[in-house]
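Derivation of every value follows stated rules applied to the coordinates shown; laboratory data play no part. The structure displayed is predicted, hence computed values, not measured ones. When we count neighbours, we look across all protein chains shown, and the Cβ atoms used for this are built from the backbone with ideal geometry, even at glycine.
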Amino acid sequence: MKTKGNFFRFILLLFFVAFPSQYISSSTEQKEIWQKILIKDNIIGYSVVRKKGELVEERINMKLKAMGVQREVKTYLNWISKQDHSFRELYFEMESEGNKISISAKVSEGKLKISSGKSFQEIPIPQNKLWTGSSFIFIIENMILKGEKIINISIPYFDPSVLREDEMKINFERELGNFFVFRKTFAGISSFIYFDKTGKFIKEEGPMGIVSYTSEKDDVLKALEKSKKDIDIIFSTSVAVEGNLFPESSMRNKLKRVLLLISGVKEVPSFPPRQISKETKEGFLVEILKDAKLKDGDEISKYLSSEILIESDSPEIKKIAMQIKSSANSKSARDLMKAVSDWVYKNLEKTSVLSMPSALQVLKEKKGDCNEHSILTVAILRALNIPSRVVFGLIYDSQKFYYHAWVEAFDGKEWVEFDPTWGLFPADILRIRIGTGNVSEWVKVLEYVGKVRIKFIKWE
């Protein structure tokens, strides 16, 4: 069983769900607001928020298991609020097990300017305004307190925990007794948020069974002390497989074709001709072929650039890239891909790391799970002028599918998939692609967690 390397970055997705659900009353300066965060009725952490004039401080602390190991992770978000609750600038930090990553962002001159360590990125913002953190809570609170008609809201929003800028939609759903219920949707992921009729935020119900409640500090801390149930975020999100199960053996690398029935989700994407998805009455019939050459319409050059967390232009990344190249038997693109994959596989300790992966930090720490292996591999390949990107999806292991990340790179003719975490070059086809891209795209996984069902129809 290889699940030790199958740790997809669920901690980022947890913060994506829990992060913006804090509440601050605009009428209570200097007051701390506490919340408890639960998964399936098991408290896993808390948040505390402080507002001091224009400065908003938001903190989250979570403790949970990953592959049997207890981990603690903390995030910090400080942001400067404008009168309309949009932000001028922010600072975000995530810390776990000695690993720390920080993000700074500023809205200026019609752009969102993001920096992390030696990385910098600019995103055009037509309205020259963005909201973040708890800001949408203030908008709803003010609407209720002023006695205004409850209306739907749409705002441009930036979530630093997944480095994503997108539209946030908040639609009024219904009145439920003494509560107003809204549906909040960001990056295609929805949750329900509840306010009482005084404008106080009560709770949020999100995907993955996550619920957060506004509560008194003492109640939160007491609940944390009494909580003894353990939820392993990796094993609890695995997907049991039905049908004609594939026997675990060295034969997996010899597979040429796999046919699956996938149900419970709205969409399973196609990546022709390698992965073809056809909708049926029972779900999506998905065919995966080993020898199919993947070609897509994306502009290849964008997969050569350095970006936030993939610091391919840094001297440290360039140095290790040149070292690997000089020791490679061949200088062809495909041989260099394998050399980089082999180097990462051999030099990184396989362990779960609950933090945001940065290629520079991974190179320094030399440990991590599939996310760290993939991010570092992509950065080194781009430093060698080989277009590459992270692939995320599900991988089969021991009669279950686990969420996983791997790599594909362009050799001048086609995209080549390989797995530096498992040491597979090329990758086998017992894996289902959900998408490609950096951290900001990984939220697509939430559309599958707890919903997807997979059945083997045929393999050959």
Computed from the mean reciprocal separation of all distinct C-alpha pairs, what Kirkwood hydrodynamic radius does region 338-385 have, in Å? 10.5 Å
The pairs in Lys203/Lys226; Lys350/Lys400; Lys319/Lys366; Lys169/Lys444; Lys106/Lys295 lying past 26 Å Cα-Cα in this model are Lys106/Lys295
Hey, can you rank 273-281, 187-195 by average C-beta count inside 10 Å, highest first? 187-195, 273-281
Taking all pairs of distinct alpha-carbon atoms in the chain, Kirkwood radius in angstrom: 23.2 Å
At q = 0.15 Å⁻¹, the log10 of I(q)/I(0) for region 278-324 from a Debye sum over equal Cα scatterers comes to -0.71
If all Cα-Cα distances of region 7-226 are sorted into 10 Å bins from 0 onward, what percent lands in each bin, rounded to whole numbers? 8, 34, 39, 17, 3, 0
Which of the GluC sites (Glu not before Pro) across region 28-127 are loop residues per DSSP, with 16 or fewer other Cβ within 10 Å? Glu29, Glu32, Glu54, Glu97, Glu109
List the aspartates and glutamates whose Cα sits under 17 Å from the Cα of Lys52, skipping any in the same chain fewer than 8 residues away. Glu29, Glu32, Asp84, Glu89
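If you build the Cα gyration tensor of region 238-459 and take the root of 5 times each eigenvalue, what three semi-axes come out, in whole angstrom, biggest first?
Here the semi-axes work out to 30, 18, 17 Å.
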Given bins 10 angstrom wide, list per bin the percent of all Cα-Cα distances in region 295-406, short to long. 14, 46, 32, 8, 0
Sorted by average packing, counted as other Cβ atoms within 10 angstrom per residue and highest first, what order do 444-456, 209-221, 417-429 take? 417-429, 444-456, 209-221
